[in-house]
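So the structure is just underneath, and the comments pick up after that.
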Amino acid sequence: MTFVSFQQVRFAHVDAAGIVFYPRYFEMLNAAVEDYFEQRHGVSFKEMHLQRRVGVPTVKVDVTFEAASKLGDDLEFNLSPMKTGRSSVEFSVQVLCAGEQRLSGTVIIVCTDLDRMRSLPWPDDLRPHPDT
């Protein structure tokens with residue numbers, strides 16, 4: 001099931017041409033992942049990282065930039081868990097603005113024990129499911 005998160009393009013996201021500087025999309029994608037865990041699983045990044053010592057670093061990103069986004073645009077981030085492994089999940093991602101696709105691709109994150117910096121099997125309450 002697709003998770004939707006909204007973000008407005010801010011001044012800090014754009015370059016001198018007034019469009020989103022491409023690395024900023026990765027920051028916004030990470031914010032959408034953060035929203036996903038808090039809203040879909042009820043666990044904030046603060047709880048995950050500081051209390052439970054579990055992180056979800058991105059290990060692979062494969063995206064296509066399809067159209068420019070500008071200052072003030074309201075972006076819709078769509079995340080769909082496609083394949084969940086023992087400690088990883090591959091999300092299909094789409095970023096839209098007023099129905100126009102701006103970015104599409106996949107992001108893989110890995111559940112990680114932050115103290116040992118090693119992969120960790122998904123805890124039941126954090127495990128992404130394609131149908132939820």
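Quick notes
- Screening ARG24 with (1) assigned to a helix (DSSP H, G or I); (2) free of Cβ contacts under 8 Å to residues at least 24 places away in the same chain; (3) surrounded by fewer than 16 Cβ atoms within 10 Å (Cβ to Cβ); (4) not hydroxyl-bearing (Ser, Thr, Tyr) gives one miss only, at (3).
- Count of residues meeting criterion [under 15 Å from SER5 (Cα atoms), surrounded by 16 or more Cβ atoms within 10 Å (Cβ to Cβ) and not hydrophobic (A, V, I, L, M, F, W, C)] in the stretch 81-103: 4
Matching residues to (1) more than 14 Å from PHE37 (Cβ to Cβ); (2) acidic (Asp, Glu); (3) in contact with a Gly (Cβ under 9 Å, 6 or more places away or on another chain); (4) in a loop (DSSP other than H, G, I, E, B):
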site	(1), (2), (3), (4)
ARG86	yes, no, no, yes
LEU96	yes, no, no, no
ARG102	yes, no, no, no
THR106	yes, no, no, no
ARG116	yes, no, no, yes
PRO123	no, no, no, yes
HIS129	no, no, no, yes
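- Selection status of HIS41, in contact with a strand residue (DSSP E or B) (Cβ under 8 Å, 6 or more places away or on another chain), at pLDDT 95 or above and surrounded by 13 or more Cβ atoms within 10 Å (Cβ to Cβ): no
- Test result for PHE11, farther than 18 Å from VAL93 by Cβ and of a type in the set (Phe, Trp, Tyr): yes
- MET117 being on the phi > 0 side of the Ramachandran plot and either touching a helix residue (DSSP H, G or I) at 6+ places or on another chain (Cβ under 9 Å) or among the hydrophobic types (A, V, I, L, M, F, W, C) (or both): yes
- Filter result for the condition that a residue is touching a residue at least 60 places away in the same chain (Cβ under 8 Å), under 16 Å from ILE109 (Cβ atoms) and either surrounded by fewer than 17 Cβ atoms within 10 Å (Cβ to Cβ) or in contact with a Cys (Cβ under 7 Å, 6 or more places away or on another chain) (or both), over VAL54, VAL33: VAL54
- Scanning the stretch 65-84 for residues that are assigned to a strand (DSSP E or B) and either free of Cβ contacts under 8 Å to residues at least 12 places away in the same chain or closer than 15 Å to MET28 by Cα (or both) gives PHE65, LYS70, ASP74, LEU75, GLU76, PHE77, ASN78, LEU79.
The values are calculated or read from the model by the stated rules, or taken from the named source; none is laboratory data. All figures in this text were calculated on a predicted structure; none of them were measured in a lab. Every residue, glycine among them, receives a Cβ derived from its backbone with ideal geometry; neighbour counts consider all protein chains shown.
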